[in-house]
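Heads up, the thing below is written out as structure tokens.
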Amino acid sequence: MFSLLYPPEPAPLMGPRTEAAGTIPVIEPGGLVVGRAGRAFLHGGSMLLHPVVHLHIINRESKIYLQRRGKDKDTFPLLWDTAVGGHVAYGEQMEEALYREAAEELGFRLFNPVFIGACEFQGAGERELAGVYAAISSQTPRPDGFEVAEGCWWTDAEISEAMGEGLLTPVFEQEYSRIKDALFSLL
């Protein structure tokens with residue numbers, strides 16, 4: 001697992017001052033926090049590295065729970081994605097953000113996350129460092145209906161068949177390819 005290393009005083013605000021509330025840490029690849037910025041600035045072409053968390057949920061039948069992103073999401077609406085994903089708020093540690101996002105998106109609270117690794121992703125106008133976690137669970141998550149339109153359990157074969165077909169987010173496709181073996185080794 002990697003931790004975020006915050007400075008003793010609040011890091012400098014980067015980007016528009018109008019986004020001072022609800023900022024996200026700006027980090028170096030090792031987790032050193034060097035600034036803070038609003039989501040719109042970070043996703044608007046700044047290319048500043050910022051942390052996110054991803055949780056893959058797998059059950060004892062070797063099925064992976066995927067969420068279908070809400071229709072109003074600014075990136076990849078209605079595509080299938082990692083069970084839980086979200087930004088780390090300024091001042092939070094990775095696992096705090098993981099539990100918060102899991103509760104907000106899926107009502108998923110009782111789990112023991114296993115750290116799989118960190119993956120850097122660069123997309124159109126943004127750059128993220130994802131702390132990737134997994135949990136084994138047979139709980140039925142309850143999607144919030146806004147951020148997550150729906151969710152369901154997928155087999156590895158179903159995921160493989162959907163790859164490259166425009167059904168899954170590009171980040172999920174990259175990440176799943178990297179961590180699939182580690183994920184199934186947990187069973």
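The table for this structure:
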read-out: Criterion: among the hydrophobic types (A, V, I, L, M, F, W, C) and in a helix (DSSP H, G or I) - qualifying residue of LEU55, LEU98; value: LEU98
read-out: Which numbered condition MET94 fails, given (1) within 15 Å of the chain's Cα centre (by Cα); (2) loosely packed, with under 14 Cβ neighbours inside 10 Å; value: (2)
read-out: Test for VAL132: is it among the β-branched types (Val, Ile, Thr), within 14 Å of the chain's Cα centre (by Cα), in a strand (DSSP E or B) and under 18 Å from TYR65 (Cβ atoms); value: yes
read-out: Condition check for PHE111: under 30 Å from PRO29 (Cα atoms), in a loop (DSSP other than H, G, I, E, B), in contact with a strand residue (DSSP E or B) (Cβ under 9 Å, 6 or more places away or on another chain) and of a type in the set (Phe, Trp, Tyr); value: yes
read-out: Residue count, the stretch 165-179 (criterion: farther than 22 Å from GLY131 by Cα and either surrounded by 12 or more Cβ atoms within 10 Å (Cβ to Cβ) or within 20 Å of the chain's Cα centre (by Cα) (or both)); value: 2
read-out: Positions within the stretch 142-164 being open to solvent by less than 40 Å² (accessible area, probe 1.4 Å) and either under 16 Å from the mean Cα position of the chain (by Cα) or free of Cβ contacts under 8 Å to residues at least 12 places away in the same chain (or both), in sequence order; value: VAL148, GLY151
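Residue-wise test of (1) farther than 15 Å from THR169 by Cβ; (2) modelled with pLDDT under 95; (3) of a type outside the set (Phe, Trp, Tyr).
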| residue | (1), (2), (3) |
| --- | --- |
| ASN59 | yes, no, yes |
| ALA83 | no, no, yes |
| ALA97 | yes, no, yes |
| GLU101 | yes, no, yes |
| LEU106 | yes, no, yes |
| PHE115 | yes, no, no |
| PHE121 | no, yes, no |
| GLN139 | yes, yes, yes |
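The values are calculated or read from the model by the stated rules, or taken from the named source; none is laboratory data. All values derive from a computational prediction rather than experimental measurement. Quick reminder, even Gly has a Cβ in these numbers, built from the backbone with ideal geometry, and neighbours come from all protein chains shown. These area figures cover heavy atoms from the full protein model, side chains too; ligands, DNA and RNA do not enter into them. Shrake-Rupley method; radii C 1.70, N 1.55, O 1.52, S 1.80 Å.
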